[in-house]
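The values are calculated or read from the model by the stated rules, or taken from the named source; none is laboratory data. Here the structure is a predicted model, which means the values were calculated and not measured. Positions of Cβ are generated from backbone atoms using ideal geometry, with glycine treated the same way; all protein chains shown enter the neighbour counts. Side chains included, ligands, DNA and RNA excluded: accessible areas come from the protein's heavy atoms. Shrake-Rupley method; radii C 1.70, N 1.55, O 1.52, S 1.80 Å.
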Amino acid sequence: MKIGQQQLWFLNFLLIALGAGIWLASVFPLPWYWWGSGLIGLLMIAGIFLWKSSVKAGVVFVLLFLALGGMRFTAADFLAADDISRYAGDEVRVAGTLQEAPRRIEDDDGGVKLRYTVAAEQLVTRDGAQSVSGSLYIYTHLTAGQAEPEARIGDQLLALGTIKKIHGYQNPGRIDTVRAARARGLTAQLSAGKSGVQVTPQNRLQFGRRMEAIRAHYLSGMSAVMPAADAAAIFAMLFGGYDGIRPELLEAFTTTGIVHILSVSGSHITLLAGTLAWLGGLLRLRRGVTAVLVVLAILAYGALAGGVPPVIRSGIMGILTFLALVWEREKDARRILTLTGLLMLLISPLLFFDISFQLSFAATAGLLYIAPALRPLFRQLPVFVSGALSITLGAQLAVLPLLAWYFHVVSLSSLLANLLAVPIVEFMIVLGLAGGIVALGLPILAKLIFVSDSLLLGLVYELTRLMARLPGSQVYLPVMGAGVSAVYYSGLVFLLQPAARKTLFFAWCQQRRRLLAAAVLAGLLLGGWQMLQPKELAVHFIDVGQGDAALVLTPHGRAVMIDCGGTRDNAFDIGGRVDVPYLLHYGVQKLDYIFLTHVHEDHAAGAGGILKKLPVTAIVTGNEGRSAYVKSMALSAAEASRTQFLSAWPGQHIELDGVMFDVLYAPTALSSGKGRTGNEVSNVIRVRYGQASFLFTGDLVSEQEQTLLRQVDPHSTVLKVGHHGSRTSTSAEFLQAVAPQWAVISVGADNRFGHPHPETLRELRQQQVRTYRTDENGAVVFYTDGKSLRVKTYAAR
C-alpha cells in the first residue's frame, strides 16, 4: 500500500472515530473529565508507541479521536449558568441584539408573522434585571393593517413574554431541529403576543447590516420586474432560503431531487469558481491572479449568503479544492474533504447531527469516490451525458441511507432533471448574480437580465413539473437501520477497491472460511428464530404537538390511524409534514382506515395532508356532518369527492388481521349552546388484540364519560388520556372503570392551555397508572402479541 493511500485511509478512520465519539457522548452522557482523562491517557500511550515506531500508534490515535469527539460534544452541549434557556417557564422582559433580518410570513387574512433571531443580553424578572447569554427566537404576529416595526441587523429588541425551550417533533426520522438550533447558539424562544417588540436603532454589526443591504438590493431589483413568487425563488437560488416560494415549485423541485438548488451548497461555490476561472482564462490573467480573485469571490459570496455553517463548509471546500487544482494537486481533493470534515466537527461537533452537513458531506464523497468509478460504465455516451449520469448516481448512492432515514423516497427523475433542468438553473444563478452587479451602473440592462431569469424560471418549473409527473419519478425507500447502513457502506467501499486489494481480501476470507461459515450459519439461525416469533400488534402514539394522532399496525402490516393531529390555524401541515413521514418511516404506504374521534382541527386536520399523499380506503368520522370534516381537513371539492366518509355508530365493529376495532360510543351532534365546545361529541374507540386493549376517547368530557359508563364496560390495558390531560376529562370514576395499566397523554410542549392539568396527573399517580407524555417522551410505541406488552419511547425524559 502506498504512503498516500495509507494517509487517506488513516484520515478517514480518524473522521469516523471523531463522529463515533460525538454520537456516543450524545447517547451516553458522561462528565467532560471522563472524556478528558481518556484523552490524556491515550495521548501518553500514543507517544510511547510513536517513540517505539510501533504501528499500534495508528490504532491509539483512532481511539484518541473517539475520546476527542466525546469531549468536544460534551463541551458544545454544555449550557452556561446564565443561558437564556435556563429561564424557561418564566415571564420576562428580554433585551438583545438582532442577529439576522426578520423572517416574515404573510397570512391568508393579510396578517404577518415575524420571527426575530436575537442575541440575548439582559432580562427582567420578578427578581430584577440580570445579564444573560445565548440566543433566542422572538415571534410576533401583526394583524392586517398593523404597522410593521422597522428592524435592522444590529438594532436592540425588547420583548415581553414567557421563555420556552426550542422543541421539535420527537419522532424517528425527523430532522433534529433542536440540535440544529443549538449549533447556531439558539436555545430558547419567546412569543411576544399582542405587545409586539420595541426596536431601538443601534450602530452595531455593521458588516452584517451591509450584507443584508446587498441582499435587499438584489431582492428589490428582482421584485420590481417579476412576480413576488418568482423573485423569492430566484433569490433562494442565489442566497438560500424558502420564504415566499410557491409550494408547487417547491414540490416539483423536491420530487425531481433538485431542491438542494434552493440552499447554498458546494454546487454554488463550484459554479462561482468555475465561472470566474473561465473569465480569468478569457482575459488571460495569470493563474495566481485568477486564484486570488476566486478566493475573494467565494469569501464575499459566503458572507452574502449569511455565513451559516453549510455556506462556511462549502466555501472552505471550494477554496481548498480550487487551490489544489491551481497547484495541480487534483488528487488531494479527497484529503481536503476529510480534513474539512475533521475541522468542521472539531469546531462545531453539533454539526454531526445536522442534515445539511450529513447530506452535503456524503454527496461530495460520492462525487470524489463513486462517480469516477461509474464513469467508465457510460463511456459509450456523450461526455456531457456520461459525466452528469456518473455524478448524479455517485451522489445518490452515497446519500441513500440518509434519504431512506429522513425522506423515505429516492428520486429517479433526478437523473433527467440534472441533465435538463440543472444546467438552466446554473445559468440563472450566474445571470442573477451578474444582474445585481450590473444594476449598480446599468439599471435598464439589469432589469432585462432579471426578466430573463424570470422567464427561465417558468421554463424550469414546467420542466420539473413534467418530470415529477412521470411514472416512477419517486420510488419508496425503506428505512435502513444502523446495521444495514454499515453493511451498505462497507459494500460500497469494497466495490471501489482495486482488483489487487479485492484479491487479498478473498485470500484472507479463504484462510478463515470455517469461522466465516460459522458466522453465516449463526446469522441464518438467528434470522430463522426471529421469523418464527409470533407477530405483534404495534400501537404508535405520534408526537404531533398539541393534538392527537395514533397509528395501529396489525401483525401482518395493515395500517389504521386514529386521529391525525393538526393545528387550529392551519399554519403548518401536520398531516403532510409529520404524519406522512412517520408512516413512510414504518413502511406504511396505504391506510385501510382513518378513525376521527371528532372534527376539531387538532384531531382531524392532519387527515387532509395524508389524503393528498397516501391512499386511504375510508375515513370513519363522528356525527358532526361530512361538510364539517371536509372544511377541517381543508379538502377541495375534487379531493372530497374521491374520499369515502363513513359515520361511526355505537357497536360498529371492524376486524383486520385478528385486531378488533370497536366503536363504544358515537353520540349524535349536539346542538350548540352555552358551554358547548364540540368535545362532547367525541367518538370512543377501543382496539383489542388478544388480552391487550387500547382505549381512545378523543376529547370526551366528564359528562359524556358518565353516559358511556352507563352503556358499556370501558376496561382497557392502555388509555389515551382524554383532551390532552385536561381536568374536564378523565374523571376519577371513569379512570377507575377503565383501570388501565398504562396511559398516554398526547400533548404539545409548553402549550398555552396548561395541559396536562395537575389534577389529572395526580389522579393517574394515585391509581398507579404508568403514564407517558409525547411532549416528554416523544413518540410512544406499544408492542403486544396479545398476551404480554412492552413499551418503547423515542425520547428520554
From the list Gly302, Gly306, pick out the single residue that is within 24 Å of the chain's Cα centre (by Cα), on the phi > 0 side of the Ramachandran plot and open to solvent by less than 50 Å² (accessible area, probe 1.4 Å).
Gly306
Apart from one, (1) open to solvent by less than 10 Å² (accessible area, probe 1.4 Å); (2) under 27 Å from Pro534 (Cβ atoms) all hold for Gly722; the odd one out is (2)
Long-range neighbours under 7 Å by Cβ, at least six apart or interchain, first residue under 10 Å from Gly69 (Cβ atoms) within the range 17-46, second part of a helix (DSSP H, G or I) and of a type in the set (Ser, Thr, Tyr)
Ala25/Thr74; Trp35/Thr74
So Thr117 clears everything in (1) closer than 17 Å to Ala181 by Cβ; (2) surrounded by fewer than 16 Cβ atoms within 10 Å (Cβ to Cβ); (3) polar (S, T, N, Q) except one condition, right? Which one?
(2)
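Sort out which residues of the range 207-242 are outside any helix (DSSP H, G or I), open to solvent by less than 40 Å² (accessible area, probe 1.4 Å), over 15 Å from Tyr461 (Cβ atoms) and in contact (Cβ under 8 Å) with a residue 24 or more places away in the chain, and write them in order of number.
First pass over the range 207-242, keeping only residues outside any helix (DSSP H, G or I): 224-227, 240-242.
Subset that is open to solvent by less than 40 Å² (accessible area, probe 1.4 Å): 226, 240-241.
Next, from what is left, pick out any that are over 15 Å from Tyr461 (Cβ atoms): 240-241.
Residue satisfying the conditions is Gly240 alone.
Okay, residues lined up against (1) assigned to a helix (DSSP H, G or I); (2) in contact with a strand residue (DSSP E or B) (Cβ under 7 Å, 6 or more places away or on another chain); (3) of a type in the set (D, E, K, R):
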| position | (1), (2), (3) |
| --- | --- |
| Val620 | no, yes, no |
| Glu639 | yes, no, yes |
| Met660 | no, yes, no |
| Ser693 | no, yes, no |
| Asp699 | no, no, yes |
| Glu705 | yes, no, yes |
| Leu709 | yes, no, no |
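Has the range 549-557 got any residue that is closer than 25 Å to Ala637 by Cβ, in a loop (DSSP other than H, G, I, E, B) and either touching an Asp or Glu at 6+ places or on another chain (Cβ under 7 Å) or open to solvent by 10 Å² or more (accessible area, probe 1.4 Å) (or both)? First the steps, then the outcome.
So the first thing to find is which residues in the range 549-557 are closer than 25 Å to Ala637 by Cβ, and the list is none.
Taking every residue of the range 549-557 in turn, none turns out to be closer than 25 Å to Ala637 by Cβ, in a loop (DSSP other than H, G, I, E, B) and either touching an Asp or Glu at 6+ places or on another chain (Cβ under 7 Å) or open to solvent by 10 Å² or more (accessible area, probe 1.4 Å) (or both).
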(1) under 26 Å from the mean Cα position of the chain (by Cα); (2) touching a residue at least 60 places away in the same chain (Cβ under 8 Å); (3) over 25 Å from Gly274 (Cβ atoms) all hold for Lys447 apart from (1)
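To keep it simple, each residue is scored yes or no on (1) within 30 Å of Pro247 (Cα to Cα); (2) loosely packed, with under 14 Cβ neighbours inside 10 Å.
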residue: Phe49; (1), (2): no, no
residue: Lys56; (1), (2): no, yes
residue: Gly70; (1), (2): no, no
residue: Phe73; (1), (2): no, no
residue: Asp83; (1), (2): no, no
residue: Tyr87; (1), (2): no, no
residue: Arg93; (1), (2): no, no
residue: Arg103; (1), (2): yes, no
For the range 513-532, check the following and say yes or no: at least one residue is modelled with pLDDT under 85, of a type in the set (S, T, N, Q) and either in a helix (DSSP H, G or I) or touching a strand residue (DSSP E or B) at 6+ places or on another chain (Cβ under 7 Å) (or both).
yes
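Filter the range 490-517 for residues that are open to solvent by less than 80 Å² (accessible area, probe 1.4 Å) and under 16 Å from Trp9 (Cβ atoms) and give the result.
Ser490, Leu492, Val493, Phe494, Leu496, Gln497, Pro498, Ala500, Arg501, Lys502
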Scanning the range 725-741 for residues that are open to solvent by 40 Å² or more (accessible area, probe 1.4 Å) and closer than 21 Å to Lys792 by Cβ gives Gln741
Hey, among the residues in the range 450-486 that are under 30 Å from Gly523 (Cβ atoms) and open to solvent by 80 Å² or more (accessible area, probe 1.4 Å), which one's nearest to the chain's Cα centre (by Cα)?
Ala482
